[in-house]
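Enquirer: Below is one structure. I have some questions about it.
Bear in mind that the values in this text are calculations on the coordinates, not laboratory data. For clarity, every value in this text was computed on a predicted model and none was experimentally measured. Reconstructed Cβ throughout: ideal geometry from the backbone, glycine too, with neighbour counts over all protein chains shown.
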Amino acid sequence: MFIAVPTPTTQDGFDDSYVKSALVAVGDGKTAVIKSTLLPGTTQKLQALNPGKFILHSPEFLAEATASYDAAHPTRNIVGIPSESPDMRLRAEQVLRLLPPASFELICSSVESELIKYVNNVMLAMKVVQVNLVYDLAARLGADYAVLRDAIGADPRIGRSHLDPVHKSGHKNAKPGRGAGGDCFIKDFEAFRRLYAKAVGDMQGNALLDATVEKNISLLLNSGKDAELLQSVYGKKQ
């Protein structure tokens, strides 16, 4: 059984209640493959709560605007297992065979698969914020940002994605604006920031993540983009 349900981040923290509810429908001895974004360690906790079931994590890598295409044409298939055992690995291999083929396939620990998904979204969100800094600097210096964008995007280490400072999020009724918005970037960056502060917590790392969030919120609000999503994460009208 594949499970793809919301996993919100709110001012109270990460919410996995929808996942827990969905797991009730999975019978003992059956395999549940969670596609939702999970805070690292969640799959292991869910497995401990459901010892008669096999709970795996296989993150999705989708853009909101092209979700159907991305799901049918994945670039990566990753399956995380909560513990290393022949049964778990066998079931992970079976899941990989069910998924559409991808050029990169991996079976790893569920903590690793969970963290891979968060890092993916965090790095892309940071790229959007950095691009907005370059956009403002180019405007002040009289440079054409489109020229910079095309030249920078031609570097394969950087790539063309997420280099447009003004763009729409992929969700319905989205309006063009600046900043890393959408249903995933805002909530996942905040969850990552809290996790980093709790697990690592060095002052410079915290400051970098805090400043990125503050700048992103400013970009979103000043361009009228995704204010309602900010409110759902931070619990107050921005």
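Enquirer: Could you calculate, for the chain, the ratio of the Cα radius of gyration to the Kirkwood radius, expressed as Rg to Rh?
Expert: Working: Rg = 19.1 Å, Rh = 19.2 Å.
Checking Rg against Rh, the ratio lands at 1.00.
Enquirer: Based only on Cα atoms, what mean projected area does the convex hull of the stretch 2-109 have, in nm²? Before the final figure, lay out the partial values.
Expert: Numbers: hull surface 28.3 nm².
Over all viewing directions, the stretch 2-109 projects a mean Cα-hull area of 7.1 nm².
Enquirer: Within the stretch 134-189, which trypsin sites (Lys or Arg not before Pro) sit in a loop by DSSP and count at most 10 neighbouring Cβ atoms inside 10 Å? Could you put the intermediate results ahead of the total?
Expert: Values: sites: Arg140, Arg149, Arg157, Arg160, Lys168, Lys172, Arg178, Lys187; in loops: Arg157, Arg160, Lys168, Lys172.
Listed in order of number, the matching sites are Arg157, Lys172.
Enquirer: What percent do you get for the relative contact order of the chain when only Cα pairs under 8 Å and 6+ apart count? Numbers along the way, then the final one.
Expert: Working: 362 pairs, mean separation 40.5, N = 238.
That works out to 17 percent.
Enquirer: Same structure again: So how much slack lies between Asp70 and Glu228, counting 0.36 nm per residue of separation and subtracting their Cα-Cα distance, in nm? Intermediate results must be reported in sequence, preceding the final value.
Expert: Details: separation 158, 0.36 × 158 = 56.88 nm, distance 2.58 nm.
Length gained, Asp70 through Glu228: 54.3 nm.
Enquirer: Pick from Glu60, Glu114, Glu93: which residue has the top mean-square fluctuation in a GNM of the chain where Cα pairs under 10 Å get a spring?
Expert: Maximum among the listed residues: Glu93.
Enquirer: Pick from Leu39, Leu99, Leu141: which is most flexible by mean-square fluctuation in a GNM of the chain where alpha carbon atoms under 10 Å apart are linked?
Expert: With Cα springs under 10 Å in the chain, the top fluctuation among Leu39, Leu99, Leu141 is at Leu141.
Enquirer: Count the DSSP beta bridges whose two residues both fall in the stretch 2-109, then state the antiparallel fraction as a percent rounded to the nearest 5. Working shown, then result.
Expert: On the way: 3 of 15 bridges.
Beta bridges within the stretch 2-109, antiparallel portion: roughly 20 percent.
Enquirer: Tell me the mean residue ellipticity at 222 nm calculated for the chain from its helices only (DSSP H runs of n ≥ 4, each -39500 (n - 2.57), averaged over every residue, nearest 500). Let's see the in-between values first.
Expert: Values: 9 runs with 121 residues, N = 238.
It comes out at -16000 deg cm²/dmol, rounded to the nearest 500.
Enquirer: Taking the chain as the reference, fit the longest principal axis to its C-alpha atoms, fit the long axis of helix 110-141 to the helix C-alpha atoms, and give the angle between the two in degrees, 0 to 90, nearest 10.
Expert: In the chain, helix 110-141 runs at an angle near 10 degrees to the longest axis.
Enquirer: A further question on this structure: Quick one: work out the % antiparallel among DSSP beta bridges in the chain, nearest 5. Can you show the working numbers first?
Expert: On the way: 5 of 17 bridges.
Of all bridge pairs located within the chain, approximately 30 percent are antiparallel.
Enquirer: Cut-off under 19 Å on the C-alpha distance; same-chain residues fewer than 8 positions from Lys225 excluded. Which aspartates and glutamates are left, in chain and number order?
Expert: Those aspartates and glutamates meeting the cut-off are Glu64, Asp136, Asp164, Asp183, Asp188, Glu190, Glu214.
Enquirer: Number of Lys-Lys pairs in the stretch 2-109 under 15 Å by Cα, sequence gap 8 or more or different chains? Can you show the working numbers first?
Expert: Values: Lys20/Lys35; Lys20/Lys45; Lys20/Lys53; Lys30/Lys53; Lys45/Lys53.
Number of lysine pairs found: 5.
Enquirer: Order these by the 10 Å Cβ neighbour count, fewest first: Ile217, Ile34, Ile152, Ile158. All intermediate terms of the calculation are to be shown ahead of the outcome.
Expert: Details: Ile217 18, Ile34 28, Ile152 15, Ile158 12.
By the 10 Å Cβ count, ascending: Ile158, Ile152, Ile217, Ile34.
Enquirer: Moving on to the next point. Under a 10 Å cutoff between Cα atoms, tell me which one of Gly181, Gly159, Gly224 has the largest fluctuation in the Gaussian network model of the chain.
Expert: Gly159
Enquirer: Taking 7 Å along the Cα-to-C-beta vector as the label spot, tell me the Gln94-Glu112 distance in nanometres, rounded to one decimal.
Expert: Result for the modelled spin labels: 2.2 nm.
Enquirer: Report the local net charge at Val166: Lys and Arg +1, Asp and Glu -1, summed over other residues whose C-beta lies under 10 Å from its C-beta.
Expert: On the way: positive: Lys168, Arg178, Lys225; negative: Asp164.
The answer is +2.
Enquirer: To make sure I understand, if each residue's beta carbon is the centre and we count other beta carbons within 10 Å, what order do Glu214, Glu112 fall in, fewest to most? Write down the numbers at each step before the final one.
Expert: Working: Glu214 11, Glu112 15.
Taking fewest neighbouring Cβ atoms as first place, the list is Glu214, Glu112.
Enquirer: Compute the semi-axes of the equivalent ellipsoid of the stretch 116-234, taking the square root of 5 times each eigenvalue of the Cα gyration tensor, and list them largest first in whole Å. Before the final figure, lay out each step's value.
Expert: Working: eigenvalues 111, 63, 38 Å².
After scaling each eigenvalue by five and taking roots: 24, 18, 14 Å.
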